[in-house]
Amino acid sequence: MGTFCSVIKFENLQELKRLCHWGPIIALGVIAICSTMAMIDSVLWYWPLHTTGGSVNFIMLINWTVMILYNYFNAMFVGPGFVPLGWKPDTMYLQYCKVCQAYKAPRSHHCRKCNRCVMKMDHHCPWINNCCGYQNHASFTLFLLLAPLGCIHAAFIFVMTMYTQLYHRCPGRWLMEQMHTIKYKQIKPARDQVDLWLSFGWNTVKIDMSAARRDPLPIVPFGLAAFATTLFALGLALGTTIAVGMLFFIQMKIILRNKTSIESWIEEKAKDRIQYYQLDEVFVFPYDMGSRWRNFKQVFTWSGVPEGDGLEWPVREGCHQYSLTIEQLKQKADKRVRSVRYKVIEDYSGACCPLNKGIKTFFTSPCTEEPRIQLQKGEFILATRGLRYWLYGDKILDDSFIEGVSRIRGWFPRKCVEKCPCDAETDQAPEGEKKNR
């Protein structure tokens, strides 16, 4: 109930703007189409409400819809929880965020979309137009579980509706099936029995009409429009089941290890760094409690409120509160060392898929919401990672190589830049480039 109140009592009405985004519009549209068509098909053509099974089926459909929307709006409006502005703990191991004017708490990261440091940030989800983090991780994961289950139920109704309407209840086929019940003897019908008697010269044919009385014709015929709409809803339901179901298994995999998607990537980069420099050290993820059940309880609780305050976390034996943060600082230092300086030789407008930079550049544009940056001839870029035809880096706004790094960063075409002479001698590729060649 407390979580529900937190959904109703928004901090301000600006939160409603989260609905004005392509992600929530598509997600809510799919939920509305699948749930509405499942109810219509069930009531009109598959399982009428006057039967016990039909009533239970209809209540289950409403239950799926309510639970899906409840967890969806919880994940969207409750939000992940943000590090307090101006937060300054007494430690030297944390990173400082210039935008929030505060230190980043352990496991927190700055989100460019939300423009805040998010506690235990997993990722920024466009479907809820918000981050998935400390406070809404459980609601988001439950939404990923309930959506495929509801879609499986809806898909079953869609398939059975089309099957029964197009096969069993086809009028021509029904009449042919009834002709197999031909009787050549005149039998006096019971008082409550309704039969159809057909006379063909010297023969009398009896057709049992009890089946028609048990399964009366629907009030609204199952026409072409209903068939097309049901088929479309079936496609949405099956697609949602596969896509969202895969996301659920990915989330459960990292939750049972008490990680986030970002922390899994940090751990992978830690192993690459140790292997690259052949260091005699081992990175141990500090927040894995060693038990899947204990890790599970870090996210899911009976009260709906996650454990802790989002700023401090329990750690496993042999680690301390800032083990992960220290590893992040090492990776950032290594990133600066392995970055490559480029000079802009062609102007770039910042278009997502530029036509004037070549066909291959156009079709290999990175599929991400990360920004593109405008370039002007003569500027300098510090590239940190790249693809075959694209690079990602920070724009340097002055002649200083180290101190002049701005936070203006994003993707740009590789064709627009060339390596500076001082970096061309080392020929050190940006991180990730070797893997994409």
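The values are calculated or read from the model by the stated rules, or taken from the named source; none is laboratory data. Worth saying up front: this structure is predicted, and the values here are computed from it rather than measured. Using ideal geometry, Cβ is built from the backbone for each residue, glycine included, and neighbour counts are taken over all protein chains shown.
Quick grid of which residues meet (1) among the charged types (D, E, K, R); (2) at pLDDT 55 or above; (3) surrounded by fewer than 16 Cβ atoms within 10 Å (Cβ to Cβ):
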site	(1), (2), (3)
Tyr389	no, yes, no
Val405	no, no, no
Phe412	no, yes, no
Lys415	yes, yes, no
Asp423	yes, yes, no
Thr426	no, no, yes
Of everything in region 321-356 that's more than 30 Å from Gly310 (Cβ to Cβ) and among the hydrophobic types (A, V, I, L, M, F, W, C), which residue is surrounded by the most Cβ atoms within 10 Å (Cβ to Cβ)?
Val340
Give the residues of region 48-60 that are without any contact (Cβ under 8 Å) to a residue 24 or more places away in the chain and either part of a loop (DSSP other than H, G, I, E, B) or of a type in the set (A, V, I, L, M, F, W, C) (or both), sorted by residue number.
Pro48, Leu49, His50, Thr51, Val56, Phe58, Ile59
Subset tally (residues that are crowded, with 19+ Cβ neighbours inside 10 Å, without any contact (Cβ under 8 Å) to a residue 60 or more places away in the chain and either touching a helix residue (DSSP H, G or I) at 6+ places or on another chain (Cβ under 6 Å) or on the phi > 0 side of the Ramachandran plot (or both)) for region 97-136:
1
Given the criteria surrounded by fewer than 16 Cβ atoms within 10 Å (Cβ to Cβ), assigned to a helix (DSSP H, G or I) and modelled with pLDDT of 90 or more, does Ser35 qualify?
no
Within region 56-96, the residues that are among the aliphatic types (A, V, I, L, M) and surrounded by fewer than 18 Cβ atoms within 10 Å (Cβ to Cβ) are Val56, Ile59, Met60, Ile62, Val66, Met67, Leu69, Leu85, Met92
Restrict the check to region 103-122 and report whether at least one residue is more than 25 Å from the chain's Cα centre (by Cα) and in a loop (DSSP other than H, G, I, E, B).
yes
